[in-house]
Amino acid sequence: MKQMTVIPFLILAVSASLQAQSVEEEIARAVMAAPPALTAEAGVVRLADDGSHEVLRESSNGLVCYDRSNEPGRDFSTQCTNVGNLRRAGQNHKVRMSSANAEEANVMFTAQENDGSREPPEFGSVWYTLNGTDQESASSNAAHITIAVPFSTTDTLGLPSEGSYSQSGSWIMEAGTSAAHIMIPGR
């Protein structure tokens, strides 16, 4: 009888240990996009297909990170941004998870822009994104950095609306929309 009670206890203990390891691995993976100085205090969430999220680690510095590698068309992708942008991140994730491809997602984003339901990010918030074909290739890349400037235009910011990743100056993409952001070249 004692053996019967010990074995289920051991199974539960091993199972809890493996689950804790996978959460720690998930946290380590998600914060890969964060600047090294912000990683230790960054929060981590797990995004659900419906756009909601589960907190895996609370943020003590205002930065939150998540893995979005499960989105269609992505191999490896993690992203970090201001905690105030979680509703935007969740909305983006929900659209991407319900779309067959990037083109379909863009149609849905445009419809949200047009009907005013697209959640705007916090003005001036930074988005750090790390992409690759796998975790190893992504870890050798620098994070792509953008700064959210919702509804800004060339006229309001004085930045050009055209640019390239090889130029030395920043530019604004998606000007006039909730997705308007300053591109940081070389990242």
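Of the residues making up the stretch 139-154, one or more are over 17 Å from ILE182 (Cβ atoms) and not small (Gly, Ala, Ser). Name the residues in the stretch 145-185 that are of a type outside the set (A, V, I, L, M) and under 20 Å from ALA89 (Cα atoms), would you? Within the stretch 145-185, THR146, PRO150, PHE151, SER152, GLU174, GLY176, THR177, SER178, HIS181 meet the criteria.
Residues in the stretch 86-114 that are more than 21 Å from ALA148 (Cβ to Cβ), touching a residue at least 40 places away in the same chain (Cβ under 8 Å) and in contact with a helix residue (DSSP H, G or I) (Cβ under 8 Å, 6 or more places away or on another chain): SER98 alone. If the condition is being assigned to a loop (DSSP other than H, G, I, E, B), under 18 Å from PRO121 (Cα atoms) and open to solvent by less than 50 Å² (accessible area, probe 1.4 Å), then the stretch 43-58 contributes only GLY51.
Listed by first and then second residue, the pairs linking a residue in the stretch 115-143 that is without any contact (Cβ under 8 Å) to a residue 24 or more places away in the chain to a residue that is open to solvent by less than 40 Å² (accessible area, probe 1.4 Å), with Cβ atoms under 6 Å apart and 6 or more places separating them unless they lie on different chains, are ASN141/GLY132.
Restricting attention to the stretch 165-177, does a residue exist that is touching a Gly at 6+ places or on another chain (Cβ under 6 Å) and either surrounded by 14 or more Cβ atoms within 10 Å (Cβ to Cβ) or in a strand (DSSP E or B) (or both)? Within the stretch 165-177, one or more residues are touching a Gly at 6+ places or on another chain (Cβ under 6 Å) and either surrounded by 14 or more Cβ atoms within 10 Å (Cβ to Cβ) or in a strand (DSSP E or B) (or both).
The values are calculated or read from the model by the stated rules, or taken from the named source; none is laboratory data. Computed from a predicted model, the values in this text were never measured in an experiment. A quick note on method: Cβ atoms are made from the backbone with ideal geometry, for glycine too, and the neighbour counts reach across all protein chains shown. Accessible surface areas use protein heavy atoms only, side chains included; no ligands, DNA or RNA. Shrake-Rupley method; radii C 1.70, N 1.55, O 1.52, S 1.80 Å.
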